[in-house]
Amino acid sequence: MASVPNGPLAAAIALHQQGQLEQARQGYGAILARDPHSAAAHHYLGLLEHQRGNPGPALEHLQTAVQSEAAEPFYWVNLGNLLKDLQRPQEAEAAYQRALAQEPGDALALYNLGHLYQLYGRWSEAAASFGQATAAQANFVLAWQKLAAMELRANRRDQALAAAERAMALAPDDAASWFHLADAQGRFARWPESIQALERCLALQPQFAEAWNNLGLARKNQGDLAGAAAALKTALELAPPSDPANASLAAETCSNLAQVELDGHQLQAAQQWSGRALALDPQNAQVQFTKGNVLNALGQYELAASALRRALELQSDFPEALNNLGNILLNLRRHSESIATFERAISQRSDYAEALANLANAQREASFPDLAEKALLEAIRINPEFAAAHSNLGNAYFDQGEVDLALESYHRGIDLGQDDRDFVPNYLFALNYSPSASDAHLAAEARRLAQAKFDALGSGALALAPAPIGARRLRLGYVSPDFWMHPVARFLLPVLEHHDQSQFEIFAYSSRYLKDGFTSEIAKHIEHWRDVHPLDDASLADLIRADGIDLLIDLTMYARDCRPGLFARKPAPVQITYLAYVGTTGLAAMDYRITDAVLDPPEGGPLPFSEQPLRLPRCWWSFAVPPPMVPIPAVVPPPSLVSGVVSFGSLNNFVKVNEGLRELWAQLVASVPGSRLLLHIKETRARLGLLEFFAERGVSSDRISLIGYQNGPDYMATYGQIDIALDTSPFAGGTTSFDALWMGLPLVTLAGERSSSRGGASILTSLGRPDWIARSPEQYIAIAQRLAADPQALATIRSGLRAKLQASPLMDNAGFTRELEALYRQAWDKRSGAA
């Protein structure tokens, strides 16, 4: 127990406490003149010199005090405080530990030790010290408040909330108690409660700049961007950047204002606020974090990654920075680095649902959808209302061929989403793969959701009247995220190569960062290239209007990185969807869809789709051999000539291989003695289920070959292992069908009721091989059996099919382009009244 001062020492302490520091110093000096070894006088004089900003004398007196046998534990605490201020953390820690060795339950020593750990980013140790302080002194409000803050830093939100609630119960009239409670509630995304707590805090202490800053963040997370900006600007008024003491808080507030502007898609303003933050405190991790986010929004991904890495150098325990860095690496297709970065974020905060969801995205991109499923289920366990996680879980199921489960998850994401426009495309795209969906159902769902989520975006836009053409060329704008080695780009390139540029002025709006050698091939044929991936839909619509586009061509529909919000705004007088897949957008603003007479026979009656059909007289795809950057192997003889065993195969995306199709293929393989089946499927647990499915139907696993991801040359060479290509239904192949034909394989297709099931029929009709088109499952098996029964005929087909393809309308790229241009002109004339 500490001794109670008396006599001259008590008098000097009283003067000290009254702020009469010079008189107190004289009193302590007088005591030391009489007794140079007085530990108490040395201690209090050292404390006084510390207060007066004289660290040298302060240190001398405090060190003398603690060397005495009469030294009290709190002498060591005050020596530790001085050493802490002198930035000598190891000595400070040792001093606090000496105090605790003398009095293990010293709450003040534990509190100050925790504060030391806090200053040096040792969050878990700080939390442990503050926790011990509250155990030693249950009503220690400051320790409870610090404990709440450190538990958050250590990413233990449950413990943080409990500590904050305890502090608030002990001191409900202390603004800091409400501040820490709001901080903990924010970690649970309980934004209304967090805002209410911050408002209580500010009612108690209106000049609390940091609370205004946090109120701005809470409002931002609630979507109240105007309220957020107002609160953050109040924080800046209360802690003006002109005062050097405010530099760190002001810098973070400017960073937060940059984040608000990012949320509002105001990139220039975001850059300005980020620049102010950097000027104030470039060594602040939060400031570098925001710089990275702004650069990311601008599409400057490498620079953004560098800024986020700098933030992590300044603060290694920064899961949000790791999460955002992981997303950038994913955009750059650096999958292994991305996965490792997300895993680091999760190791720092095990309940980080957003990082788990992003980890799943990276795992999907790296062809591990079953691992993605696991991560997403954990994210949903942490936050059952996490709309994006439900939608992304749909993606993981989709990649494993579980279309029904995918549709359920997409529905859940749409139902939960505050702004669920991002989740609608996933659902509508996947619906095309459902074997039970009819064209009428696909059209009805697309129209229902487009009407609910997108059509209103065009309500404020003025209808664009067709600009007079006169002597000028018609302006075509192609919008796509896929101007790289992608099926859409492969089919578009021969069109671009043969466009009549005396009649058409060509614009391309590239809405994804990814580029490769194929991008350069495409760009050679584009008169006006626009990199627009950083632009939101509204800004891109403004750019397209400024370019004066006459016909805007959508090349994505609802596939990845689609832009339904752009086309809903109707930035061009005529809008046409083409090439992504056989389907419909459902958008009121989409005027036409390119199709052909096989996909949508004119004699079939009115179509259910919202767009008007523009029918090509030939197949709607125009095929060309990829540029030399993709080596194409030579055609080889059918493998059955060597093995004596016929191999059927499909290298289509496995999600197209629905259960009914598996049943059909099992019947086929079982009916051809010794035959084999080769399929493309990612290396997931779905493989085992697939093998079990065939085994139950009499086709053993040794007759099935499963191929995972392959690069372009290996993929093309795999066709050399197949005798007969099997098309999928009701979502027929496109690129894979052409590739199979180019490698000499006959293609068996099943044309059904849906337009999308007739893609193979369209190709084979233009190729002059209607005998490979089945109209029923029975015909499909019969055609495949007939081909399998004649190996010499397969060899003849193999050797001559490439030449036949080259001589067919399918590779008459110039003629195809003239017919496509005629449809463009027809659509324009109808809109302009010239027809």
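Could you say whether any residue in region 604-625 is of a type in the set (Gly, Ala, Ser) and within 23 Å of Tyr427 (Cβ to Cβ)? So that I can check it myself, show each step before the final result.
Narrowing region 604-625 to residues of a type in the set (Gly, Ala, Ser): 604-605, 610, 622, 624.
From what's left, within 23 Å of Tyr427 (Cβ to Cβ): 610.
Yes - at least one qualifying residue is present in region 604-625.
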Tabulated pairs, region 240-252, first closer than 18 Å to Leu215 by Cβ, second part of a helix (DSSP H, G or I) and open to solvent by 70 Å² or more (accessible area, probe 1.4 Å), C-beta under 7 angstrom, 6+ apart or interchain | Leu249/Glu210
Name the residues in region 781-828 that are under 23 Å from Ser729 (Cβ atoms) and among the polar types (S, T, N, Q), would you?
-> Gln785, Ser808
Quick one: which residue in Leu599, Leu607, Leu668, Leu566 is among the hydrophobic types (A, V, I, L, M, F, W, C) and under 31 Å from the mean Cα position of the chain (by Cα)?
-> Leu566
Answer yes or no: is there a residue in region 187-202 that is in contact with a Phe, Trp or Tyr (Cβ under 9 Å, 6 or more places away or on another chain), at pLDDT 95 or above, among the basic types (Lys, Arg) and surrounded by fewer than 23 Cβ atoms within 10 Å (Cβ to Cβ).
-> yes
Test for Leu280: is it over 24 Å from Ala345 (Cβ atoms) and in contact (Cβ under 8 Å) with a residue 40 or more places away in the chain | no
Please go through region 60-76 and pick out each residue that is at pLDDT 90 or above, in a loop (DSSP other than H, G, I, E, B) and in contact with a helix residue (DSSP H, G or I) (Cβ under 6 Å, 6 or more places away or on another chain).
-> none
Gln87, sole failed condition from (1) closer than 28 Å to Gln132 by Cα; (2) open to solvent by less than 60 Å² (accessible area, probe 1.4 Å); (3) without any contact (Cβ under 8 Å) to a residue 12 or more places away in the chain | (2)
Within region 596-610, identify whether any single residue is aliphatic (A, V, I, L, M) and open to solvent by less than 10 Å² (accessible area, probe 1.4 Å), and answer yes or no.
-> yes
Can you name the strands (runs of 3 or more DSSP E) wholly within region 450-554 that have at least 2 residues being open to solvent by 20 Å² or more (accessible area, probe 1.4 Å) and at pLDDT 95 or above?
-> 528-531
Among the numbered conditions (1) within 30 Å of Gly186 (Cβ to Cβ); (2) in contact (Cβ under 8 Å) with a residue 12 or more places away in the chain, tell me where Tyr433 comes up short.
-> (1)
Sole miss for Phe654 among (1) modelled with pLDDT under 95; (2) over 30 Å from His486 (Cβ atoms); (3) touching a Lys or Arg at 6+ places or on another chain (Cβ under 9 Å) is condition (2)
When only residues in region 675-694 that are of a type in the set (Gly, Ala, Ser) and at pLDDT below 95 count, which is nearest to Ala789 (Cα to Cα)?
-> Gly689
Only residues that are surrounded by 14 or more Cβ atoms within 10 Å (Cβ to Cβ) and touching a helix residue (DSSP H, G or I) at 6+ places or on another chain (Cβ under 7 Å): list them for region 680-696, please.
-> His680, Ile681, Lys682, Thr684, Leu691, Phe693, Phe694, Ala695
If you go through region 710-720 one residue at a time, do you hit one that is in a loop (DSSP other than H, G, I, E, B), of a type outside the set (Asp, Glu) and at pLDDT below 95?
-> yes
Every residue from region 768-782 that is open to solvent by less than 70 Å² (accessible area, probe 1.4 Å), closer than 24 Å to Arg618 by Cα and part of a helix (DSSP H, G or I) | Asp771, Trp772, Tyr780
Counted residues in region 90-135 being open to solvent by 40 Å² or more (accessible area, probe 1.4 Å) and either more than 45 Å from the chain's Cα centre (by Cα) or among the hydrophobic types (A, V, I, L, M, F, W, C) (or both) come to 13
Name the residues in region 541-560 that are touching a Ser or Thr at 6+ places or on another chain (Cβ under 6 Å) and acidic (Asp, Glu), would you?
-> Asp554
Counted residues, region 226-266 - those being part of a helix (DSSP H, G or I) and open to solvent by less than 50 Å² (accessible area, probe 1.4 Å) = 23
Region 699-720 residues that are under 25 Å from Leu801 (Cα atoms) and in contact (Cβ under 8 Å) with a residue 24 or more places away in the chain, paired with ones that are open to solvent by 30 Å² or more (accessible area, probe 1.4 Å) and assigned to a loop (DSSP other than H, G, I, E, B) (beta carbon under 6 Å, 6 or more apart) | Pro713/Pro631; Met716/Ile632; Met716/Pro633; Ala717/Pro633; Gly720/Val636
Using beta carbons and a limit of 6 Å, which pairs, at least six apart or on different chains, have the first residue in region 806-835 and within 20 Å of Leu474 (Cβ to Cβ) and in contact (Cβ under 8 Å) with a residue 12 or more places away in the chain and the second one among the β-branched types (Val, Ile, Thr) and not in a helix (DSSP H, G or I)?
-> Ala827/Val574; Trp828/Val574; Arg831/Val574
The listed residue being outside any helix (DSSP H, G or I) and closer than 30 Å to Glu72 by Cβ, out of Ala163, Ala138, Ala128, Ala94 | Ala138
Residues satisfying the stated conditions in region 297-321, i.e. without any contact (Cβ under 8 Å) to a residue 40 or more places away in the chain, open to solvent by less than 50 Å² (accessible area, probe 1.4 Å) and more than 17 Å from Gly121 (Cα to Cα) = Ala304, Ala305, Ala307, Leu308
Filter region 783-812 down to residues that are closer than 30 Å to Asp591 by Cα, in a helix (DSSP H, G or I) and open to solvent by 20 Å² or more (accessible area, probe 1.4 Å), then give me how many there are.
-> 2
For region 645-652, state whether one or more residues are within 30 Å of Asn395 (Cα to Cα), open to solvent by 30 Å² or more (accessible area, probe 1.4 Å) and of a type outside the set (S, T, N, Q).
-> no
In this structure, is Leu668 surrounded by 19 or more Cβ atoms within 10 Å (Cβ to Cβ), modelled with pLDDT of 95 or more and in a helix (DSSP H, G or I)?
-> yes
Working carefully through the options Ile544, Ile553, find the one that is more than 28 Å from Glu302 (Cα to Cα) and touching a strand residue (DSSP E or B) at 6+ places or on another chain (Cβ under 8 Å).
-> Ile553
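The values are calculated or read from the model by the stated rules, or taken from the named source; none is laboratory data. These figures come from a predicted structure and were not determined experimentally. Note: ideal-geometry Cβ built from the backbone for every residue, glycine included; neighbour counts use all protein chains shown. Side chains are part of the model used for accessible areas, which takes the heavy atoms of the whole protein and leaves out ligands, DNA and RNA. Shrake-Rupley method; radii C 1.70, N 1.55, O 1.52, S 1.80 Å.
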